[in-house]
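The values are calculated or read from the model by the stated rules, or taken from the named source; none is laboratory data. Please read all numbers here as calculations on a predicted model, not as lab measurements. For neighbour counting, all protein chains shown are included, and Cβ atoms are generated from backbone atoms with ideal geometry for every residue, glycine included. Note: accessible area is taken over every heavy atom of the protein model, side chains too, but ligands, DNA and RNA are not part of it. Shrake-Rupley method; radii C 1.70, N 1.55, O 1.52, S 1.80 Å.
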Amino acid sequence: MGLHRERLGWWMLGLLGCGLTRSASAMFTPALLFTTLLWASQPGQARRALRWGGAGLLAVAGSVGAVAFFQWLQVGEPFAFVKAQKFWGRGLQWPQLPFFTPSGINMLWLDALGLWLGAASITTGLWLGVRWLKRRQHPLPNVPPVVLFALGYCISIALFIVLYQAGSIWNFSRYLFATPFFVVLVWHLNAQPAWPRHYYFYLLLATLVLWQTFGAFTLEFDNFTWGQALWYFGLLSAYLFAYLMLRQLRWQREITMVLYMFNLVMQLHLLECFLQGYVVQ
């Protein structure tokens, strides 16, 4: 909100508060650098971008320093939480395929959608990076700083989970969908003109390739038959594209109601699983 409404005090307070409460806020540092670099490259925005980026880094550094100090007081180790990651099997490593989630198919669809958002964010970030390198020939797209920061956060989270969790995509949906950054990206997407229809065909092909990282169309997918896996990921793709194409579909209100009812039923199902002691995240 501070970045969107141009309130520097809100911006620093928000970053400081997040850094004091959630370890995921460590992803703010690369997101800040990403935002500042692209923001400063827009015409006439260099000084402003550097001012906001510097203030943001100062707030993040303050929160990291405070947390390190409190951990040192409590356990004698300033970076105890970072070292505790190894007991969860987290460490920098090559991605292991096929991907999986300990929660099974009850949560795989949501974490798979989180992976899709992460892959889309990385692709968009690479595209902006190429445009940044060619900025002398073609000006950079005028992307609002709040969108750049949300995109940078999603990129950082996606790379962390894929490179640190040994093939597990557990928490992908929680770290992306249950955040204000996802809301910002949805808001920005809905503000853009509708895509040409052939874009969706290319996007569908890329999506089907991404599902293969789960062994979707082989017998490696969670002991399912080929037909069962095809049905599972076919429904998942239909669910995803119902949202992506909603602006261009004819029966918007009816499709919205179907999605609403499906989401409500899934919420009740996951609540039941939670109350029965199953791992649902």
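A few remarks follow.
- Neighbour-limited loop hits for trypsin sites (Lys or Arg not before Pro), region 115-187 (at most 14 other Cβ within 10 Å; DSSP other than H, G, I, E, B): LYS134, ARG135, ARG136
- Largest first and in whole Å, the equivalent-ellipsoid semi-axes of the chain read 32, 27, 18, each the square root of five times a Cα gyration tensor eigenvalue.
- Cut-off under 5 Å, modelled amide H: who pairs with GLY167 long-range: GLN96
- Charge sum, other residues only, whose C-beta stays under 13 Å from ALA84's C-beta, Lys/Arg counted +1 and Asp/Glu -1: +2
- Annotation: MET257 carries an accessible surface of approximately 110 Å², with a 1.4 Å probe and no ligand, DNA or RNA atoms counted.
- Computed from phi, the 3J(HN,Hα) profile of region 167-184 under the Karplus parametrisation 6.51, -1.76, 1.60 (θ = phi - 60°) reads x, 8, 9, 4, 6, 4, 5, 5, 6, 10, 6, 8, 9, x, 5, 5, 4, 4 Hz, with x in place of Gly and Pro.
- For region 140-235, chymotrypsin sites (Phe, Trp or Tyr not before Pro) meeting the loop criterion (DSSP other than H, G, I, E, B) and having at most 14 other Cβ atoms within 10 Å: PHE217.
- Rounded to the nearest 20 debye, the dipole size of the chain about its Cα centre is 1160 debye, using +1 on the Cβ of Lys and Arg and -1 on the Cβ of Asp and Glu.
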